[in-house]
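Below is one structure; the comments refer to it alone.
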Amino acid sequence: MAHTSGVREIERDGFLERIRARLRGLSFVEEQALLRSVDELVSQYTADHESDEERQLWIRNEERKAVGRRELMSGCLTFEEAAELLELSSHALRMRINRGKIISLRDGSDHFIPRWQFDLSASDRMVKGLDRVLKAMESASSDEMKILWLSRPWGGFEGLKPIDVLRSGRVDEVIEFAQSLGGGHE
């Protein structure tokens, strides 16, 4: 049994090294947060994956998820950076996040906040209509899913990202799509 534990330790270390190689370009804080998440997942890996083939499939799947999360986190601000950019106290920023007015990725107690939701020329420094879109999506499965939908090209918008469609002023159109995805009401 000790031999199996040692093999898993080596596999975990190799897995983390492959993840580190893919993280080049992230800030130190982003990299550490992502590596903590991946390390927790790998540590939770159980004997349910007995065969080498199952283990390799699981590892590749976890690598893909980590890379996807890295993509989501690129362009994110730390909690402190967002508070400074928005000229808000920590308490005020936390309240906006908790009320669903600002969307964030969580890693433990840390928040990573996508920069694309801000418009520094607006009085509230937010992209016009984003709060209404987020309300329409309130029953969507997670903030991560909302971020994915808002920040990736979408066929319903001629291949544009919903956040860019919002920026162009087509707020009602984005809300309509968001309601169909999130089941919420404006």
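The values are calculated or read from the model by the stated rules, or taken from the named source; none is laboratory data. These numbers come from a predicted model, not from an experiment. Cβ atoms come from the backbone with ideal geometry, glycine included; neighbour counts cover every protein chain shown.
Could you look through the stretch 109-128, keep only residues that are more than 18 Å from Gly169 (Cα to Cα) and not hydrophobic (A, V, I, L, M, F, W, C), and pick out the one that is surrounded by the fewest Cβ atoms within 10 Å (Cβ to Cβ)?
My answer is Ser109.
Name the one entry in Leu16, Leu26 that is within 17 Å of the chain's Cα centre (by Cα) and modelled with pLDDT under 75.
The match here is Leu26.
Could you run through the stretch 76-96 and say how many residues are under 16 Å from Leu120 (Cβ atoms) and either of a type in the set (A, V, I, L, M, F, W, C) or loosely packed, with under 12 Cβ neighbours inside 10 Å (or both)?
The number of residues fulfilling the criteria is 8.
Where residues in the stretch 112-136 are of a type in the set (D, E, K, R) and assigned to a helix (DSSP H, G or I), which of them is modelled with the lowest pLDDT?
Here the answer is Lys135.
Could you give me the residue pairs with C-beta distances under 7 Å whose first residue belongs to the stretch 102-127 and is free of Cβ contacts under 8 Å to residues at least 12 places away in the same chain, whose second residue is surrounded by 13 or more Cβ atoms within 10 Å (Cβ to Cβ) wherever it lies, and which are 6+ apart or on separate chains?
If the second residue must be surrounded by 13 or more Cβ atoms within 10 Å (Cβ to Cβ), the pairs left are Ala122/Lys128.
State all residues of the stretch 78-111 that are under 25 Å from Ala136 (Cα atoms), part of a loop (DSSP other than H, G, I, E, B) and of a type outside the set (A, V, I, L, M, F, W, C); if no residue qualifies, say none.
Arg99, Gly100, Lys101, Ser104
Is there a residue being in contact with a Pro (Cβ under 6 Å, 6 or more places away or on another chain), surrounded by 15 or more Cβ atoms within 10 Å (Cβ to Cβ) and more than 28 Å from Leu35 (Cα to Cα) anywhere in the stretch 168-179?
yes
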